[in-house]
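Q: Could you have a look at this structure, given as structure tokens, before my questions?
The values are calculated or read from the model by the stated rules, or taken from the named source; none is laboratory data. In this text the structure is predicted, and so the values were computed from the model without any measurement. Virtual Cβ from ideal backbone geometry, glycine too; neighbours counted across all protein chains shown.
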Amino acid sequence: MTKTASPLDAEDLRARVEVIVDNFLDEHCELLLTISPDLSALGDAVRDLMAGGKRLRPAFCYWGWRAAGGSPTDAAYQAASSLEFLQACALIHDDVMDGSDTRRGMPAAHRRFATLHRGSEWLGSSENFGVGAAILLGDLCLSWADEMLLTSDLPADALSRAKSVYDVMRTELMGGQYLDLLEQARGGGSVERALVVVQYKSAKYTIERPLHLGAALAGAGDDTISALSDYGLPLGAAFQLRDDVLGVFGDPSQTGKPAGDDLREGKRTVLIAETLERASATQADVVRANLGDPALSGTTVDTLREIITATGALDRVESMIAEFTEQSLVAARSPLFDPTAAEVLEGLAIAATSRSV
């Protein structure tokens, strides 16, 4: 890996993941068409969604494998690539729950299918059709994630070890998603509660468990697994906090979502919790009155951004990102890790928290 290359491209990982995902989709979309030509809409939707993305979860899975002494193999690349389908499932369902209009600069899956329904002048509610189709598409991606992992030509004992991690990972993800929904329904709460959602919806799912999955496949011992947690948990928190900042202050050309979209969706993030804890009564009233309004204007988005900045919440979250990232960078230098993997893990920590990849 050169100093200027993205750590995601070390050992050509991102390109390999693209090929594996594309080949899998070629085969499985053909299978859908043997059921009915009408299922081409499902295949097209998942292809478009999976054409984007940074492939972070496969990267952490693969480098967990390498950190634990695994060597580059086609089977390891395929096992890591399976997490792209799990991520597709999570994104599709997350957009339904949040009522999001876009994903990666395109209509979210439920919006896409609602548009198909309206344009075809079919019977019933276009919105209900869109939600139903998106739920099924997410379920299909979840099934395909299992299939890709379990047919990766790795030894049965390795797959058994990995499956135990994978099962816990999915349970934590679904639990974290529910806690996120609950926070929105309750109107948010403390920074501590928001951080619990961060841990289970993102930190473990995005980084720690993919690392554990790869390491388990390689037969890592408990000490290596623990060292990977020391690296992955703070990095996962920093990753989500950066995502929260981008959801309010990010450039739409980079995020693929409208400016301030998290404010329109009413997400009860750590950034918002910090804002409300620090705000004056007047500032808090403005935030509460406008957070979650899907028709929020650009001017009101700017007003909310000013409050978030003026209260010091943005600076606090940026400090948390820096602190968590530094913890992760220190942990990446563990002597338990393969030296090549340790170097890439350091690069991934920087890339995941700066979103410069």
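Q: If I filter segment 55-73 for residues that are in a helix (DSSP H, G or I), without any contact (Cβ under 8 Å) to a residue 24 or more places away in the chain, closer than 26 Å to Gly219 by Cβ and out of contact with any Pro (no Cβ under 7 Å at 6 or more places or on another chain), do I get at least one hit? If you could, list the steps in order and put the result at the bottom.
A: Keep residues of segment 55-73 that are in a helix (DSSP H, G or I), which gives 56-67.
Remaining after also requiring without any contact (Cβ under 8 Å) to a residue 24 or more places away in the chain: none.
Looking through segment 55-73, none of the residues is in a helix (DSSP H, G or I), without any contact (Cβ under 8 Å) to a residue 24 or more places away in the chain, closer than 26 Å to Gly219 by Cβ and out of contact with any Pro (no Cβ under 7 Å at 6 or more places or on another chain).
Q: Here is a list: Ser319, Ser334, Ser280. Which entry is at pLDDT 95 or above and under 24 Å from Asp223 (Cα atoms)?
A: Details: Ser319 fails: under 24 Å from Asp223 (Cα atoms); Ser280 fails: under 24 Å from Asp223 (Cα atoms).
After applying the criteria, what remains is Ser334.
Q: Please work out which one of (1) closer than 30 Å to Gly219 by Cα; (2) more than 21 Å from the chain's Cα centre (by Cα) is the condition Val286 fails and give its number.
A: Every condition holds for Val286 apart from (1).
Q: Quick check on my filter: what residues within segment 24-42 are exposed (fewer than 11 other Cβ atoms within 10 Å of the Cβ) and either of a type in the set (S, T, N, Q) or under 19 Å from Ile135 (Cβ atoms) (or both)?
A: Those that are exposed (fewer than 11 other Cβ atoms within 10 Å of the Cβ) and either of a type in the set (S, T, N, Q) or under 19 Å from Ile135 (Cβ atoms) (or both): Thr34, Ile35, Ser36, Asp38.
Q: Since Val287 meets every condition but one in (1) modelled with pLDDT of 95 or more; (2) under 26 Å from Arg104 (Cα atoms); (3) β-branched (Val, Ile, Thr), which condition does it not meet?
A: (2)
Q: While we're here: Quick one: in segment 138-185, which of the residues that are basic (Lys, Arg) and in contact (Cβ under 8 Å) with a residue 24 or more places away in the chain is surrounded by the most Cβ atoms within 10 Å (Cβ to Cβ)?
A: First, pick out the residues of segment 138-185 that are basic (Lys, Arg): 161, 163, 170.
Subset that is in contact (Cβ under 8 Å) with a residue 24 or more places away in the chain: 161, 170.
Values: Arg161: 20, Arg170: 18.
If we take residues in segment 138-185 being basic (Lys, Arg) and in contact (Cβ under 8 Å) with a residue 24 or more places away in the chain, then Arg161 is surrounded by the most Cβ atoms within 10 Å (Cβ to Cβ).
Q: Related question: Give the residue that is modelled with the lowest pLDDT, with candidates limited to residues of segment 290-312 that are hydroxyl-bearing (Ser, Thr, Tyr) and either in a loop (DSSP other than H, G, I, E, B) or touching a strand residue (DSSP E or B) at 6+ places or on another chain (Cβ under 8 Å) (or both). Let's see the steps before the verdict.
A: Narrowing segment 290-312 to residues hydroxyl-bearing (Ser, Thr, Tyr): 297, 299-300, 303, 309, 311.
Add one more test, that the residue is either in a loop (DSSP other than H, G, I, E, B) or touching a strand residue (DSSP E or B) at 6+ places or on another chain (Cβ under 8 Å) (or both), and what stays is 297, 311.
Numbers: Ser297: 92, Thr311: 97.
Among those residues, the one meeting the criterion is Ser297.
Q: Moving on to the next point. Among the residues of segment 94-107, is any hydroxyl-bearing (Ser, Thr, Tyr), at pLDDT below 95 and farther than 24 Å from Arg170 by Cα?
A: Here is the first cut: in segment 94-107, the ones hydroxyl-bearing (Ser, Thr, Tyr) are 100, 102.
If we keep only those that are at pLDDT below 95 too, we end up with 100, 102.
Filter once more, so that each one left must be farther than 24 Å from Arg170 by Cα: 102.
Yes; the residues of segment 94-107 include at least one that is hydroxyl-bearing (Ser, Thr, Tyr), at pLDDT below 95 and farther than 24 Å from Arg170 by Cα.
Q: While we're on this one: Restricting attention to segment 202-243, and to residues there that are touching a Ser or Thr at 6+ places or on another chain (Cβ under 6 Å) and either surrounded by fewer than 24 Cβ atoms within 10 Å (Cβ to Cβ) or among the polar types (S, T, N, Q) (or both), which single residue is nearest to Arg170 (Cα to Cα)?
A: If we take residues in segment 202-243 being touching a Ser or Thr at 6+ places or on another chain (Cβ under 6 Å) and either surrounded by fewer than 24 Cβ atoms within 10 Å (Cβ to Cβ) or among the polar types (S, T, N, Q) (or both), then Gln240 is nearest to Arg170 (Cα to Cα).
Q: Can you find a residue that is closer than 21 Å to Gln177 by Cα, assigned to a helix (DSSP H, G or I) and among the aliphatic types (A, V, I, L, M) anywhere in segment 255-268?
A: Checked against the condition, which is being closer than 21 Å to Gln177 by Cα, assigned to a helix (DSSP H, G or I) and among the aliphatic types (A, V, I, L, M), segment 255-268 yields at least one hit.
Q: Which of the numbered conditions does Ser229 fail, given that it passes all the others? Conditions: (1) more than 27 Å from Glu208 (Cβ to Cβ); (2) among the small types (Gly, Ala, Ser); (3) without any contact (Cβ under 8 Å) to a residue 40 or more places away in the chain.
A: (1)
Q: Can you pull out the residues in segment 318-356 that are in a loop (DSSP other than H, G, I, E, B), more than 21 Å from Ala5 (Cα to Cα) and in contact (Cβ under 8 Å) with a residue 40 or more places away in the chain? Break it down stepwise before answering.
A: Initially, segment 318-356 is screened for residues in a loop (DSSP other than H, G, I, E, B), giving 333-338, 355-356.
Still in the running and more than 21 Å from Ala5 (Cα to Cα): 334-337.
Hits for segment 318-356 are Ser334, Leu336, Phe337.
Q: Output the residues belonging to segment 179-214 that are aliphatic (A, V, I, L, M) and either assigned to a loop (DSSP other than H, G, I, E, B) or more than 20 Å from the chain's Cα centre (by Cα) (or both).
A: The initial filter retains those residues of segment 179-214 that are aliphatic (A, V, I, L, M), namely 179, 181-182, 185, 191, 194-198, 203, 207, 211, 213.
Within segment 179-214, Ala185, Val191 qualify.
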